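These notes concern the structure reproduced below.
What follows is calculated from the coordinates using simple rules that are stated; it is not laboratory data. Since the structure is predicted, the reported quantities are computational estimates derived from the model, not experimental observations. Methodologically, a virtual Cβ is constructed for each residue, glycine included, from the backbone with ideal geometry; neighbour enumeration extends over all protein chains shown.
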Amino acid sequence: MYKILMILSSTLLALTIGHSESTQTISERDASGGTPAKQIMALPDDPATTTADRELMSYAYALAERAVEHGNHPFSALLVKDGEIIFEFENAVYSLQDVTQHAETGLISQATRQFDRATLAASTLYASTEPCIMCCGAIRWAGIRKVVYGTTSSKLTEVIRQIYPAAAKNPLPESPLAIREIFQRTEPGVQVYGPLMEAEGIAIHAKSWGEDPVLRSILGNQ
Ligand SMILES: [Zn+2]
């Protein structure tokens, strides 16, 4: 979600400096509606992930799709201890009109009231998409020591750039700040695993971001 904010701000800049230069039209995209015409290649799974990780990520992706059904962005987070999901949360930014209600921050806000520090330290956070910088901060302060993410945040950026031609012109870096970079600088560190089943995550994002009301209103070309 961090990058979405970056996209929004940088897209506004792009609009200011020359949105009219955008020549790609919706007719150049897949006729099925909103699906990017060009295939975005998924990265291979992190070889350190397990079958159990895959099962949990599959559930996380399904939860991310439910977030869309509830009018929100397709993100979800699970808190897992000893192989059991002890808490879950789906993105609720639009439904709660609260930009801090990312899947991970929403989960941590509630889970830290329910579980003690030892439980959190022994748990793994599963995120359907690589957590943003805000969520990394919350993960760090909650004392969670392990994260498994599904889809790399830079792939989400690729999806949005394909759906919205104006976004493709923005000055986003090709390799935005990655969760591993962030947690390399924290003490204690947080173990990071991912990507995992990224093709599924890309498909979910490609299906839903074309309908995003904020991006549509700003970019105005859907
Ligand atoms: Zn976030």
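By its C-alpha gyration tensor, with a ≥ b ≥ c as the square roots of the eigenvalues, how is the range 73-222 shaped: rounded for a/c under 1.5, else prolate for a/b larger than b/c, else oblate? Verdict is prolate for the range 73-222. Between residue 185 and residue 41, the modelled labels are 3.0 nm apart [label points 7 Å from Cα along Cα→Cβ].
Gain on full extension, evaluated as 0.36 nm per residue between residue 217 and residue 54 minus their Cα-Cα distance, stands at 55.1 nm.
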